[in-house]
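Just so you know, all these numbers are worked out from the coordinates, no wet-lab data involved. Remember, it's a predicted structure, so these values are computed and weren't measured experimentally. Here the Cβ is made from the backbone with ideal geometry for all residues, glycine too, and neighbour counts use every protein chain on show.
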Amino acid sequence: SAVISQKPSRDICQRGTSLTIQCQVDSQVTMMFWYRQQPGQSLTLIATANQGSEATYESGFVIDKFPISRPNLTFSTLTVSNMSPEDSSIYLCSVEAQGLGGELFFGEGSRLTVL
Amino acid sequence: ILNVEQSPQSLHVQEGDSTNFTCSFPSSNFYALHWYRWETAKSPEALFVMTLNGDEKKKGRISATLNTKEGYSYLYIKGSQPEDSATYLCALGDSNYQLIWGAGTKLIIKP
């Protein structure tokens, strides 16, 4: 299993500002995943963060809007840049503790409201 | 584009009653089917990962079945309790290990 600490748990942000979400895992993992859930929608994968290389972004997500850092095997950050009300979502980080295809472990999520 | 459908979108169940809901998915490109429970203000928690047609898994009062040929999975909760109130998510794992998520079934247990 893996225990993931994510912060902030929630925030209210002003339009045009940026916010960085942090994710700390209690064990070393190769890949960390960043998800978003907009109200009433499915979980959507934003990007996969590998240590030592640039993150791999899914269709519809770009590095300028969602820059990701992965400085080591236990930590990652996701920044939501130049926020608009459409960015109001729950953002989750997760890891696969048992290799590809195994169950995911999640942080508690960061609920962002953009005014 | 693969699509995972969950029904119903929400469900109110009397405490003590049993209930079930559905996850439908295209049967091609199937690799695994995941079920997660997501309680408010908590992390989503894995319930089951199923890979074989006909798989049945059980954890306490919760069980799940899988039919990969017709493309559906059922999640059953026996004797619902207030702590079962949560959103239940399913996700289809394809052959590239990508997960495609359903929108979830929100279960509310009425005391």
Yeah, segment B:37-95 with a ≥ b ≥ c from its alpha-carbon gyration tensor (a/c under 1.5 is rounded, else prolate when a/b outruns b/c, oblate otherwise) is oblate
Taking a crude spin-label model, label points 7 Å out from Cα along the C-beta direction, the residue A:3 to residue B:83 distance in nm is 1.9
Ordering A:49-55, B:13-19 by per-residue average of other C-beta atoms within 10 angstrom, highest first, gives A:49-55, B:13-19
Taking chymotrypsin sites (Phe, Trp or Tyr not before Pro) in a DSSP loop with at most 16 other Cβ atoms within 10 angstrom as exposed, one finds the longest site-free stretch of chain B at B:32-96
Between the modelled labels at residue B:13 and residue B:58 (7 Å from Cα along Cα→Cβ) the distance in nm is 1.6
In nanometres, the difference between 0.36 nm per residue of separation and the alpha-carbon distance of residue A:115 and residue A:64 is 16.3 nm
Pairs over 23 Å Cα to Cα, from A:65/B:106; B:69/B:106; A:7/B:42; B:59/B:106; B:57/B:78, come to A:65/B:106; B:69/B:106
Filtering GluC sites (Glu not before Pro) in segment B:45-89 by DSSP loop and by at most 11 other Cβ atoms within 10 Å leaves B:70
Quick note, chain B: a/c under 1.5 would make it rounded; otherwise a/b > b/c is prolate and the rest oblate (a ≥ b ≥ c, C-alpha gyration tensor); here it is prolate
Under a Gaussian network model of chain B whose springs join Cα atoms within less than 10 Å, the largest fluctuation of B:42, B:58, B:69 belongs to B:42
Applying a 4.7 angstrom Cβ cut-off across the protein assembly as shown, unpaired cysteine residues come out as A:13
